[in-house]
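S.K.: Quick one: the structure is below, questions incoming.
The values are calculated or read from the model by the stated rules, or taken from the named source; none is laboratory data. Small disclaimer: the values here were computed from a predicted structure and weren't measured. Positions of Cβ are backbone-derived with ideal geometry, glycine not excepted, and every protein chain shown enters the neighbour counts.
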Amino acid sequence: MQELPDGRLDNVNLRDDLMLGGLGVTVVAASNRSNDSIAPYLLNPATRQFGAELVHEFEVGGRAEGCAADDELGILYVAEEGSALWRYSAEPGGGSTRTEIDRVGGVNGLKADLEGVTIW
């Protein structure tokens, strides 16, 4: 067990064998309720502990409830509860720039309380 002083983390997701810099790594990401952001970490496979360095963090604006990564395109899709589905860069150093895919009450019929996201 490991405790990180990084805020109120919630909705934790784990991805094994994600290609990053030519290496297969394990990424653990969580929504951070303290500052409405997403916090991804690299997991050390030998110790099963998180690395001390945060890989990439960006603000969501509201409560992040679900996310899905497109490995081939380097894109992260995030559902912001009660607001919209957003597209971010999933690359380290990709910044916080986001593009709205659809909005609650928008043309595709998204309803409030957005939760899980998947790529089909």
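S.K.: Scan segment 25-56 for residues that are part of a strand (DSSP E or B), more than 21 Å from Glu80 (Cβ to Cβ) and at pLDDT below 80 and jot them down.
M.R.: Asn44, Gln49, Phe50, Gly51, Ala52, Glu53
S.K.: Starting from residues that are in contact with a Phe, Trp or Tyr (Cβ under 8 Å, 6 or more places away or on another chain) and part of a loop (DSSP other than H, G, I, E, B), keep the ones in segment 92-114 and report whichever is farthest from Leu42 (Cα to Cα).
M.R.: Of all residues in segment 92-114, those in contact with a Phe, Trp or Tyr (Cβ under 8 Å, 6 or more places away or on another chain) come to 94-101.
Those left that are additionally part of a loop (DSSP other than H, G, I, E, B): 94-97.
Details: Gly94: 16, Gly95: 18, Ser96: 19, Thr97: 22 Å.
Top of the filtered list is Thr97.
S.K.: Going by what's in this entry, would Ala84 be described as in contact (Cβ under 8 Å) with a residue 24 or more places away in the chain and under 16 Å from Asn32 (Cα atoms)?
M.R.: Numbers: in contact (Cβ under 8 Å) with a residue 24 or more places away in the chain: yes; under 16 Å from Asn32 (Cα atoms): no.
Answer is no for this residue.
S.K.: Being without any contact (Cβ under 8 Å) to a residue 24 or more places away in the chain and either assigned to a loop (DSSP other than H, G, I, E, B) or charged (D, E, K, R) (or both) is the filter here; which residues of segment 61-81 pass it?
M.R.: Applying the first criterion (without any contact (Cβ under 8 Å) to a residue 24 or more places away in the chain) to segment 61-81 yields 72-75.
Of everything in segment 61-81, those that are without any contact (Cβ under 8 Å) to a residue 24 or more places away in the chain and either assigned to a loop (DSSP other than H, G, I, E, B) or charged (D, E, K, R) (or both) turn out to be Glu72, Leu73, Gly74.
S.K.: Additional query: Among Asp70, Asp102, which is surrounded by 14 or more Cβ atoms within 10 Å (Cβ to Cβ), within 21 Å of Trp120 (Cα to Cα) and touching a Leu at 6+ places or on another chain (Cβ under 9 Å)?
M.R.: Asp102
S.K.: Is there a residue in segment 100-107 that is modelled with pLDDT of 80 or more and basic (Lys, Arg)?
M.R.: Looking only at segment 100-107, we keep the residues that are modelled with pLDDT of 80 or more, and these are 100-107.
So of that shortlist, the ones also basic (Lys, Arg) come out as 103.
Checked segment 100-107: at least one residue is modelled with pLDDT of 80 or more and basic (Lys, Arg).
S.K.: Determine which single condition Leu114 fails, assuming it passes every other condition in (1) touching a residue at least 12 places away in the same chain (Cβ under 8 Å); (2) loosely packed, with under 13 Cβ neighbours inside 10 Å; (3) not acidic (Asp, Glu).
M.R.: For Leu114, the exception is condition (2).
S.K.: Testing Leu14 on (1) surrounded by fewer than 18 Cβ atoms within 10 Å (Cβ to Cβ); (2) more than 14 Å from Gly66 (Cα to Cα); (3) of a type in the set (A, V, I, L, M), one condition comes back false. Which one is that?
M.R.: Tallying (1) surrounded by fewer than 18 Cβ atoms within 10 Å (Cβ to Cβ); (2) more than 14 Å from Gly66 (Cα to Cα); (3) of a type in the set (A, V, I, L, M), Leu14 fails exactly one: (2).
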